[in-house]
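The values are calculated or read from the model by the stated rules, or taken from the named source; none is laboratory data. Just so you know, these numbers come straight off a predicted model, no measurement behind them. As a convention, Cβ positions derive from the backbone with ideal geometry for all residues, glycine included, and neighbour counts pool all protein chains shown. In case anyone asks, the SASA skips ligands and DNA or RNA and just uses the protein heavy atoms, side chains included. Shrake-Rupley method; radii C 1.70, N 1.55, O 1.52, S 1.80 Å.
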Amino acid sequence: MITEVENAMTLTGNPAPVTAQATQNGSDPALGVRPPGIPVPLHCLPVTDATVLELYEYVFAPWVKMLGLREFKVCPGIVSATLPQNDALKLSSGAVCGQAIMAAIDSVASLSVGTTGRITRGTAYQHTHFLRPAVNDDYRVRAEVLRFGKTSAFTETRVSFASTGHLVAHASLEFAF
């Protein structure tokens, strides 16, 4: 049963439809939010070439999947993916929006941390430098874990033009365990 709930608004300011169940436990499958307590599919950990797509489909929010990340490659401590050109991600200038690039960085970096089989509590820190506009190409996003610690992991992520390899953005991230 779909009901209108006060204070649940979409980006346009219209009330968002949520299920009655969502008002009780804070989740709504229609919005891509799972009820609390549903575990991560442990058979996908550690992340490998064979499990990355299943984990990506399960873990990430629908709007993150709309980035269209594809062509995942996985090695221990390293994950790379392609962020394809997409007009929906572009600003009026024709450059890809920095928010989309940062979401791609965070997504690929979190998968790289998952190559150990440990489940993170999420991103604790992300610092991104944009070196040039992201225009007219697909982009390779490559995340490498620099240090797996007891309570956190540190990654370095580079975004480059797929055709030339020129650097578009560079990020440092920390994930808490």
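Points worth noting:
- Debye-sum result for region 45-98 in log10 I(q)/I(0), which assumes one identical scatterer on each alpha carbon, at q = 0.32 Å⁻¹: -1.28
- Per residue solvent-accessible surface (Å²) - region 105-175, probe of 1.4 Å: 49 Å²
- Rel. contact order, % - alpha carbon contacts under 8 angstrom, at least six apart, region 40-121: 36 percent
- Region 55-97 and region 134-177 have their alpha-carbon centroids 12 Å apart.
- Relative contact order (percent, whole number), region 71-156, Cα cutoff 8 Å, 6+ residue spacing: 39 percent
- Where labels lie 7 Å past Cα in the beta-carbon direction, separation of GLU54 and HIS166 in nm: 4.1 nm
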